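Have a look at the structure below before the remarks.
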There are 2 protein chains.
Amino acid sequence: MARTGRRPGNQDTREAILRAARETFAEKGYDGASIRTIAAGAGVDPALVHHYFGTKDDLFLATVGAPLDPAVVVGAALEGDPDGLPERLIRTFLGVWDNPVTGKAALAIVRSAVQHELSARMMREFVTTRIIRRILTRLPIDPAEIPRRGALLASQAVGLIMVRYVIKLEPLASAPPEDVVAWIAPTIRRYLFEPLPLPGGPAEPGG
Amino acid sequence: MARTGRRPGNQDTREAILRAARETFAEKGYDGASIRTIAAGAGVDPALVHHYFGTKDDLFLATVGAPLDPAVVVGAALEGDPDGLPERLIRTFLGVWDNPVTGKAALAIVRSAVQHELSARMMREFVTTRIIRRILTRLPIDPAEIPRRGALLASQAVGLIMVRYVIKLEPLASAPPEDVVAWIAPTIRRYLFEPLPLPGGPAEPGG
């Protein structure tokens, strides 16, 4: 148990839990990590982990530093007319990233992933469990195709982040959200819903 | 002039030139930077800059740390059947990035851009002058559309790098190059050659 005393002690315990969680999630993945293992790594009781961070889900989000839970944020975008889904997804995505507070926190995750192998593994777990597993499974997509479609979706989404917010290449850096939506949506639509060539198959099906 | 003496002196001078070049390119952009200004910043004669680094082009590539000149690398890909151009571009791109030596050097540029504002500006100059200006201008694209098409191309290319080499999300992380080519080519084709909605226009032209 961390040292006694009020605030500093609590802060130390929180930090120890986050450190143990980071190592455990990165090493074992989201599914393999348990609150029990994380608590043991931090030298605290599992109940204390729940006390400070809530569920394993909440702890994972806190460990990654995610300002929001993507599955919750896109909830509304998933409802309604399926035809307009890609547009709604990009609009919601830009709402988070264009916002100074949530955008800054989200960018910190990307920066960290590029600098540290551990953080890169955390980001991979985050994309896999939070975005691919929680969002793509709610869409009319063949389950066998979800990993590939998810990775392609991530490639366009992360690239948009890099060009708009890091490299700041114009006109993407300062284009109004609705322009970005219009330019990118057909790519997202194809990655999510349209036929893709099979792995190892011909470059274009029927081509 | 840097201190006298053989090797260490030369090394110091090279470093001083690279440092001055980095600051000058980042501050004034590729076009605004002159060998004269860079030499003054390094406290050396312009002739010495040319002696060590060749042309302004060569110095720029050395300053960015680019392992290759993209315009030279894709030279062959630009020739031949225009229909297969996106596939050839991605194939060439993956050839550089999948190669352990050039891939590592290229990844260092991305890592640096994410960490330092100065490096991000250098990467922006690099993409603008080396890729957009040198490659896209050789393609049958309306010049007014080149910046937008270039930024969209960059968004997919940088995102592919991030997902395949940094976050390492499967199946993109270890898919054979030809699969990646087949999955990504239609996106590159659309960004380069197909109609895009006008800025501020309706989400889909005629839609």
Rounded Å value of the spacing that divides the Cα centres of the range A:6-61 and the range B:63-89: 48
Potential lengthening between residue B:115 and residue B:19 on full extension [0.36 nm per residue; Cα-Cα distance subtracted]: 32.9 nm
Other protein chain Cβ atoms within 10 Å, averaged over every residue that makes up A:108-117: 3
Links that overshoot a 28 Å alpha carbon limit, given the list A:168/B:104; A:104/B:56; B:56/B:104; A:168/B:168; A:28/A:168: A:104/B:56; A:28/A:168
Average beta carbon contacts from partner chains per residue of B:191-197, 10 Å cutoff: 2
Which of A:191, A:165 has the fewest Cβ neighbours within 10 Å, and the rest in rising order: A:165, A:191
For residue A:200, inter-copy label distances in nm, listed shortest first [label point 7 Å out on the Cα-Cβ vector]: 5.2
Beta carbon of chain A nearest to the axis of the rotation taking A to B, residue and angstrom distance: A:159, 1
Rg over Rh [alpha-carbon atoms, Kirkwood Rh] for the range A:30-156: 1.00
Fraction of the pair-distance distribution of the range B:137-206 above 15 Å, Cα-Cα pairs, percent: 62
For the range B:63-207: relative contact order, % (alpha-carbon pairs under 8 angstrom, 6 or more apart): 25
For chain A, the longest site-free run once trypsin sites (Lys or Arg not before Pro) in DSSP loop states with at most 12 other Cβ atoms within 10 Å are removed: A:7-207
Cα-projected label distance for residue A:139 with residue B:198, points at 7 Å along beta-carbon direction, nm: 3.0
Helix axis angle, A:146-161 relative to chain A longest principal axis, alpha carbon, degrees: 90
Kirkwood Rh (inverse of mean 1/r, distinct Cα pairs), the protein assembly as shown, angstrom: 23.3
Centroid-to-centroid separation of the range B:132-156 and the range A:131-149 [C-alpha atoms, Å]: 32
At 7 Å out from Cα toward Cβ: residue A:54 inter-copy label distances (nm, ascending): 5.6
With Cα atoms, 0 to 90° folded angle of helix B:177-193 axis to chain B main axis: 90
Chain B: angle of helix B:100-115 to the longest principal axis, Cα-based, in degrees nearest 10: 80
Copy-to-copy label separations for residue B:12, where each label sits 7 Å from Cα toward Cβ, in nm and ascending: 4.8
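Coordinate-derived values only; no laboratory data. Not measured: the values here are computed from a predicted model. Using ideal geometry, Cβ is built from the backbone for each residue, glycine included, and neighbour counts are taken over all protein chains shown.
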